[in-house]
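For reference, the structure is listed below as structure tokens.
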Ligand SMILES: Nc1ncnc2c1ncn2[C@@H]1O[C@H](COP(=O)(O)OP(=O)(O)OP(=O)(O)O)[C@@H](O)[C@H]1O
Ligand SMILES: [Mg+2]
């Protein structure tokens, strides 16, 4: 996976199985957003193969069954939209250019799930950063997706809203939703996360059970993943290939061997 001059992701081979909740972790710049953006078709892979819900990326993917929450961008630009409009846009996808019957009630329900029902008619630029982030979550949830990809959904979101988000996610996962979520720490979602994938310099360096916080590491400041502390650190990308699932990504830049030193 190449962006600009150098490869961002190398030898990533990842399959998420139906019903799994997978956290994608790694330092700033390790390639987390690039991986999820490639997976949802926002970025074209320069090499490799991506399948979503069993279909190669493209028109064949049932996009209406996929929800995506992008990593927050700092400032909103362009025409002001109300929270209701932004969430309603989550009901438009592919060839569907008209809102479905009953959209207002669905939008209201999604805003309610993130605790913003009373802000439906506010222009989003008048909402706080954390509230804007919750509007993006509602836009993904309004589809009632089978698979949900979230890029740091709770960055900048206060603790009560994180708890409310975790409760909503718990219910949706209980109903069978598959989740791939980029996080810096597991936080409130820790009880839900069954598997952690850690990227470093665009490679998968850990894929396995979430580490348990160890004595002295229980503080909320200290919920980092310690990949070295776990026996399942990967030797080869092939180790993570699993049976077919809703998400599969095999992204590779074959010409990367000389560029390792420049990867940081
Ligand atoms: N459009 C682009 N063109 C060239 N390089 C890019 C582009 N977008 C991202 N990169 C580079 O790709 C690398 C990975 O970026 P990415 O946004 O995927 O990291 P991340 O793991 O999501 O980081 P963060 O934790 O800060 O969100 C970075 O080195 C970044 O500079
Ligand atoms: Mg990112």
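Rounded to whole Å, the principal axis extents of the Cα atoms in segment 151-204 read 33, 27, 16, largest first.
Segment 5-58 has equivalent-ellipsoid semi-axes of 18, 16, 9 Å, by the square roots of 5 times the alpha carbon gyration tensor eigenvalues, sorted largest first. The Cα center of segment 17-58 and the Cα center of segment 168-204 differ in position by 14 Å. Ellipsoid fit via the Cα gyration tensor, segment 85-140: semi-axes of 20, 12, 9 Å, each the root of five times an eigenvalue, largest first. Say a paramagnetic label sat at a point 7 Å from the Cα of residue 112, along Cα to Cβ; which residues of segment 135-168 have their backbone N under 14 Å from it? Flagged as within label range: 142.
Read-outs: derived from the displayed coordinates by stated rules, not from any lab. No experiment lies behind these values; they were computed from the predicted model shown. Note that we place each Cβ from the backbone using ideal geometry, even for glycine, and neighbour counts take in every protein chain shown.
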